[in-house]
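Report on one structure; see the data block that follows.
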Amino acid sequence: MNATKNESGFAGLTARLADHVAHVANSPLTAEDVEAVRRLFLDGFVVSLWGSTRPAAKQIAEWSRRFAGTGDSVVLGGDWTTEASTAALVHGTAGHSYELDDTHDVTTSHPGCVIIPAALAVAAETNASQSELFRAVAAGYEAMALIGTTAGGLETVHRGFHPTSVFGSFGAAAAVLSLRAYRNKQPVDPGVLVTAWGHALSQASGSMQFSVEPTGGEVKRVHAGLGARNGVLAADFAMLPDVTAPQLSVEGTYGAAASFGGPLRDVTPDEKLQIHLISFKPYSCCRLFHSTIDALREVTDDFSASTDSIEEVLVTGPQLIADQHMTKAESTMTAQYSCPYIVGATLAYGPTRYDAYGEAFLDDERILRIAGKVRFEVDPDLEEKYYPQHFATGVRMRFTDGSTRSATVVDSVGTAQHPMTKEQIIAKGDGLASQGNFPTGDELAAVIWDDANGGVELAKALVSR
């Protein structure tokens, strides 16, 4: 589709999406919506605390010390406060640092580690109530998901860009503008959203080069932080009348789809908000392989089969795995992205040993012995049938006695089709006590499920005890 057709065939798409997002921001959430947002916050908090223990996240937090005292936003991993964009960058980086963060499958992006950090940082300056904070976050998820859908998540990845940072700044900007409108007792203005998205488009960032090199991948974590920070800046700049920005950031000649994604798609927002279509991660690896892990569970009878009896493991799935996920695991990042390593770590130590992706396990003989038996084949029929709405993969395991077992999983545990319970999300934080003096999942839930706790109180809940 050429540039002229993009603009004329989808005229007004940016404005229509802004109208919808503003409507979400200006409308009360239902009880079902509030429950969904609380689960997103609980998961995001647990995941961010895990991420804050990683060396790169610690260094980014320490880097922010130079901005100490510039604002009231709590810095995750520090004992100081900064202005909002810096705190958002630190929190966003931590939120994406353990490969446990939530996923919007259609856009292959991770909204929680971008939108919640930006919103929480700005809530400190606006003193947002819980109701205001939750509405702003719901609007942010809506913006990020719908704009990402117009461009196509898989297409964006195949073109070499990281959807989390590219589309995240649009969602973060929507959340931030909403909070500032609430502070001023004003409705969210669709026109201001459009201008903020014009700034977000110019700040879009995040190369997928990290996915094809065996080392150097920790920058991926920072992509989420950049998306969060850029969203704050986009919202800031949208209020500066002389700093003008494009108004066709979605359908324009060089808009989000044309610059970063695939053929421009029209989208009609559902009655059900995007917050209800989010997948949670029970396993500390790329979301593509959560269905693989569930398939491994099936063919090994809940991981009861001896690994010595395994002759070969064939994984089938989309072309993307062949392109970006067969790299040798020489870092935590590549371990969490490597199909052979993920299979090896899962079969050797079980699916919830988060530390199996750490540096101490990269040369583990048990993992590497199994990883050496893993092959991958593209399954074009499976890809055409299910992607990107469902991250389906298949496993065929051949045993030393000549027998084979196969399984295909379309919707893994944690998807909207098979959601994790509140208790399962809380359990993701069970190992945090060994990493430091962190609040437990139950303690975080108690704060989040208390209506009286606004943005300031929720941010303080993340500070180590």
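The values are calculated or read from the model by the stated rules, or taken from the named source; none is laboratory data. Not measured: the values here are computed from a predicted model. Cβ atoms come from the backbone with ideal geometry, glycine included; neighbour counts cover every protein chain shown. Areas reflect the complete protein model, heavy atoms only, side chains present, ligands, DNA and RNA absent. Shrake-Rupley method; radii C 1.70, N 1.55, O 1.52, S 1.80 Å.
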Taking a cut-off of 20 Å between Cα atoms, list the lysines near LYS281, but don't count ones fewer than 8 places away on the same chain. LYS220, LYS422, LYS428
Report ³J(HN,Hα) in whole Hz for each residue of the stretch 255-260, in order, from the Karplus equation J = 6.51 cos²θ - 1.76 cosθ + 1.60 where θ = phi - 60°; Gly and Pro get x. x, 4, 5, 5, 8, 10
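Where Lys and Arg each count +1 and Asp and Glu each count -1, what net charge lies around ARG396 among other residues with Cβ under 10 Å from its Cβ?
+1
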For VAL37, what is the net charge nearby, where nearby means another residue's Cβ is under 15 Å from its Cβ and Lys, Arg count +1, Asp, Glu -1? -4
To the nearest 10 degrees, the tilt of helix 13-26 (Cα long axis) against the first principal axis of the alpha carbons of the chain is 80
Averaged per residue, what accessible surface does the stretch 58-187 expose to a 1.4 Å probe, in Å²? 26
Rounded to the nearest 10 Å², the accessible area of TRP63 using a 1.4 Å probe with every protein chain kept is 90
Report ³J(HN,Hα) in whole Hz for each residue of the stretch 422-434, in order, from the Karplus equation J = 6.51 cos²θ - 1.76 cosθ + 1.60 where θ = phi - 60°; Gly and Pro get x. 4, 5, 5, 5, 4, 5, 4, x, 4, x, 5, 4, 6
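Length gain on complete extension for the stretch ARG366 to ASP451, per 0.36 nm per residue less the alpha carbon to alpha carbon distance?
Additional length available on full extension: 25.8 nm.
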So, with a 1.4 angstrom probe, what is the percent of accessible area on the stretch 57-164 that is carbon and sulfur? 48
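Just to be sure I understand: of the beta bridges DSSP finds with both ends in the stretch 265-406, what percent are antiparallel, rounded to 5?
Details: 9 of 14 bridges.
Approximately 65 percent, going by the DSSP bridge assignments.
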Plugging the Cβ-Cβ distance of GLU35 and THR400 into 1/(1 + (r/R0)^6) at R0 = 45 Å yields, to the nearest 0.05, a FRET efficiency of 0.40
What ranking do 20-27, 296-303 get when scored by the average of other Cβ atoms within 10 Å per residue, highest first? 20-27, 296-303
In whole Hz and in residue order, list the ³J(HN,Hα) couplings for the stretch 61-72 that follow from phi through the Karplus curve 6.51 cos²θ - 1.76 cosθ + 1.60, θ = phi - 60°; x for Gly and Pro. 4, 5, 4, 6, 4, 5, 9, 4, x, 7, x, 9
For the pair ASN437 and LYS460, how long in nm is the line joining their label points, each one 7 Å along Cα→Cβ? 1.7
At 7 Å along Cα-to-Cβ for each site, give me the label-to-label distance between ASP301 and GLU271 in nm. 4.7
Compute the FRET efficiency between HIS23 and HIS418 as 1/(1 + (r/R0)^6), taking r as their Cβ-Cβ distance and R0 = 30 Å, and round to the nearest 0.05. 0.50
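With a 1.4 Å probe and all protein chains left in place, how much accessible area per residue does the stretch 215-344 have, in Å²?
35
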What is the local net charge at SER205, summed over the other residues whose Cβ is closer than 15 Å to its Cβ (Lys, Arg +1; Asp, Glu -1)? +4
Hey, any idea what % of the stretch 399-464's accessible area is carbon plus sulfur with a 1.4 Å probe? 49
What accessible area per residue, rounded to a whole number of Å², is obtained for the stretch 359-437 using a probe radius of 1.4 Å? 56
If you line up the long axis of helix 163-183 against the longest principal axis of the chain, both from Cα atoms, how many degrees apart are they, to the nearest 10? 40
In nm, to one decimal, how far is the GLN59 label point from the ASP308 one, both placed 7 Å along Cα→Cβ? 4.2
In degrees between 0 and 90, to the nearest 10, how far off the longest principal axis of the chain does helix 112-126 point, with axes built from Cα atoms? 30
Which FRET efficiency value, to the nearest 0.05, is calculated for THR215 and GLU377 with the Förster distance at 35 angstrom and r the Cβ-Cβ distance? 0.85
